[in-house]
1. Probe radius 1.4 Å, ligands and nucleic acids left out: which of Asp11, Asp37 has the largest accessible area, and how do the rest follow?
2. Note down the accessible area of Met87, probe 1.4 Å, to the nearest 10 Å².
3. Could you compute the net charge surrounding Pro34? Neighbours are other residues with a C-beta less than 13 Å from the C-beta of Pro34; K and R count +1, D and E count -1.
4. Given a 1.4 Å probe and the protein chains all in place, what does the accessible area of Phe13 round to, in Å² to the nearest 10?
5. Run the reach check for Lys132 against aspartates and glutamates, Cα to Cα strictly under 17 Å, same-chain hits fewer than 8 apart removed. What comes back?
6. Multiplying the sequence separation of Met135 and His183 by 0.36 nm and subtracting their Cα-Cα distance, what value in nm do you get?
7. Rank Arg25, Arg127 by accessible area, highest first, at a 1.4 Å probe radius?
8. When the label point is put 7 Å from the Cα of Tyr55 along its Cα-to-beta-carbon vector, which residues of the range 8-49 have a backbone N closer than 16 Å?
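The values are calculated or read from the model by the stated rules, or taken from the named source; none is laboratory data. Here the structure is a predicted model, which means the values were calculated and not measured. Every residue, glycine as well, gets a Cβ built from its backbone with ideal geometry; the counts of neighbours run over all protein chains shown. Protein only, heavy atoms only, side chains kept; ligands, DNA and RNA dropped before computing areas. Shrake-Rupley method; radii C 1.70, N 1.55, O 1.52, S 1.80 Å.
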Amino acid sequence: MKHNDVLELIDQFLLGRITEHDLSRLEILRKANPVIDTEVREGIEVMKVLKYMRYKQLREKLHALDIPDDQKGSQFRFPGWIAGIIMLTLLFFGTGWWAVDYFDPASIAHRYFNHFSVEHVLQFSNRDETNKFLMGIKEFNEGNFENAIAVFQQHAMPQNDSISVFVSWDILLARLAVNGPDHPWVEDFNDFMSTAPEPLKTEARHLNQLVNSPWYHFFWIQLSPQLSSLKPRLM
């Protein structure tokens, strides 16, 4: 299942519009993939916050209607233009930090990795091999990318093996998370993309478009270092 399809399932679930069939699919994905389960849990928390903020805003409006006219004039009113500037500033930095996290190579690697990681496991007939590969998935999901590479490289040969193609994809994603799209990675990735079977070829093209997009270069290459240096000052 593509990442966009997973996000659509999560959105429908959070909005309360999900069908019973799609709910069953989402539950299976959550059990098989801890990252998807985390996204759902975080989405639930965000919806709780949004509902509370909406309730709080409505309560404040009702409270304002109850204030007598003679008291309204004596209340301190924060200048609207200052409030607007503050809101725009918070919106700018909030959007910037979200985008930097979204375009972080490690975050990108996680999103593309979990499309196929569960499917790999089903192709192993040996329990020991399965356990080893599950350890690699665990290391990857916990951000221990170099350890994950060491595990995955044990399954990368021979090249004509169907599993090795998917494992090569996992290794490329782990390398992306560690060093970003550096020159050696780009060369190896282009070689992989030229020979990869479907659906990996399509996924590779999408990933290639992402890391070469002007948004990636703006938010990660240019804006990320500036926000990283600014964050300690704000804290």
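1. My answer, sorted largest first, is Asp11, Asp37.
2. Probe radius 1.4 Å; accessible area of Met87 about 130 Å².
3. Working: positive: Arg30, Lys31, Arg41, Lys138; negative: Asp37, Glu39, Glu42, Glu139, Glu142.
Around Pro34, the charge tally is -1.
4. Spelled out: Phe13, probe radius 1.4 Å, area about 60 Å².
5. Glu119, Glu142, Glu146, Asp170
6. Length difference between fully extended and current span is 14.4 nm.
7. Correct descending sequence by accessible area is Arg127, Arg25.
8. Within reach of a label on Tyr55: 44-49.
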